[in-house]
Amino acid sequence: MKSLSELHIHSVNKHYARRRVLSNVELTLRSGQCCLLSGENGAGKTTLLRILAGLESPDSGLFSAGQDELKWKQCRKLLQARILYLHQQPYMFDGSVRFNLAYALNRQLTRQQRKAHIEQALAWAGLESHAQESAKNLSGGERQRVALTRAWLRRPDVLLLDEPTANLDQESRRRTLALLDSLRSEGIALLIASHDQTHFSPLIDSHILLQEGG
């Protein structure tokens with residue numbers, strides 16, 4: 001499996017003790033497309049995101065991109081390298097917004113290159129006026145924009161998002177959706193876990209509904 005421009009997962013199953021969380025889940029993620037993952041609490045949305053991010057192993061399942069078809073353990077390192085998982089409440093490091101963005105950059109870049117990348121990222125997300133602010137003092141919507149900008153700098157093949165607009169006001173939601181649309185237009189595949197399909201309807205190319213235990 002060399003590229004995640006198109007990722008297929010087949011027959012993914014997961015149990016916790018005697019409780020079945022995921023049963024024969026099938027999913028395809030394609031470059032530049034957005035898939036909505038919905039379902040009630042307990043349906044396994046977060047578990048599936050963690051499996052795709054290489055953070056939690058399924059009981060069984062196959063993963064394929066191109067001609068290769070592999071078990072989770074065989075492709076775990078690639079999943080971790082090429083898929084980025086953003087939590088509902090993005091983590092902010094101590095320090096400024098600029099410092100938080102710098103964390104996503106390749107350490108081999110020169111100081112001048114790093115500065116140029118950060119300035120470009122601040123402009124991309126409209127965060128110029130917040131560059132020197134403490135990231136931990138930002139509003140929820142601003143934190144989400146910082147997290148999405150770090151993702152933009154890292155250029156993953158797939159971006160997993162867990163309720164990215166939860167508890168945001170209308171303007172913050174609009175800004176977040178605009179950044180997600182920009183990421184998708186640049187060829188990043190999006191998988192958004194959310195209870196509310198209406199917020200994301202302009203972005204959605206496909207929809208997966210998880211039932212509890214299935």
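The values are calculated or read from the model by the stated rules, or taken from the named source; none is laboratory data. Note that the structure is a prediction, hence the values are computed from the model and not measured. Ideal geometry is used to build each Cβ from the backbone, glycine not excepted, and the neighbour counts take in all protein chains shown. To get the accessible areas, we keep the full protein, side chains included, count just its heavy atoms, and leave off ligands, DNA and RNA. Shrake-Rupley method; radii C 1.70, N 1.55, O 1.52, S 1.80 Å.
Quick notes
- Selected residue [of a type outside the set (D, E, K, R), over 19 Å from the mean Cα position of the chain (by Cα) and at pLDDT 95 or above] from 42, 32, 95, 66: 95
- Among the residues of the stretch 193-202, those identified as outside any strand (DSSP E or B) and either under 24 Å from residue 10 (Cα atoms) or of a type in the set (S, T, N, Q) (or both) are 194, 195, 197, 198, 201.
- Boolean, residue 22 is closer than 28 Å to residue 201 by Cα and in contact with a Cys (Cβ under 8 Å, 6 or more places away or on another chain): no
- Check on residue 48, under 30 Å from residue 198 (Cα atoms) and in contact with a Lys or Arg (Cβ under 9 Å, 6 or more places away or on another chain): yes
- Those residues of the stretch 69-90 which are out of contact with any helix residue (DSSP H, G or I) (no Cβ under 8 Å at 6 or more places or on another chain) and not in a helix (DSSP H, G or I), in sequence order: 69, 70, 71, 87, 88
- Enumeration of residues in the stretch 57-80 that are open to solvent by less than 40 Å² (accessible area, probe 1.4 Å) and of a type outside the set (A, V, I, L, M, F, W, C): 58, 61, 64
- Condition check for residue 54: part of a loop (DSSP other than H, G, I, E, B) and open to solvent by less than 50 Å² (accessible area, probe 1.4 Å): yes
- Single residue of the stretch 139-161 satisfying the filter (of a type in the set (Lys, Arg) and surrounded by 18 or more Cβ atoms within 10 Å (Cβ to Cβ)) that is nearest to the chain's Cα centre (by Cα): 150
Yes or no, residue by residue, for (1) among the β-branched types (Val, Ile, Thr); (2) surrounded by 15 or more Cβ atoms within 10 Å (Cβ to Cβ); (3) farther than 23 Å from residue 170 by Cβ; (4) touching a Phe, Trp or Tyr at 6+ places or on another chain (Cβ under 6 Å):
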residue: 90; (1), (2), (3), (4): no, yes, no, no
residue: 97; (1), (2), (3), (4): yes, yes, no, no
residue: 106; (1), (2), (3), (4): no, no, yes, no
residue: 110; (1), (2), (3), (4): yes, no, yes, no
residue: 115; (1), (2), (3), (4): no, no, yes, no
residue: 122; (1), (2), (3), (4): no, yes, yes, no
residue: 129; (1), (2), (3), (4): no, no, no, no
residue: 132; (1), (2), (3), (4): no, no, yes, no
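- Residues of the stretch 162-172 that turn out to be buried (at least 18 other Cβ atoms within 10 Å of the Cβ), of a type outside the set (Ser, Thr, Tyr) and over 15 Å from residue 35 (Cα atoms), as a count: 1
- The C-beta contact set for the stretch 93-116 (first residue touching a residue at least 40 places away in the same chain (Cβ under 8 Å) and assigned to a helix (DSSP H, G or I), second residue among the small types (Gly, Ala, Ser) and open to solvent by less than 100 Å² (accessible area, probe 1.4 Å), distance under 7 angstrom, 6+ apart or interchain) comprises 97/131; 97/135; 100/135; 101/121.
- Residue selected from the stretch 1-42 under the condition of a type in the set (Gly, Ala, Ser), open to solvent by 40 Å² or more (accessible area, probe 1.4 Å) and outside any strand (DSSP E or B), by the criterion nearest to residue 185 (Cα to Cα): 31
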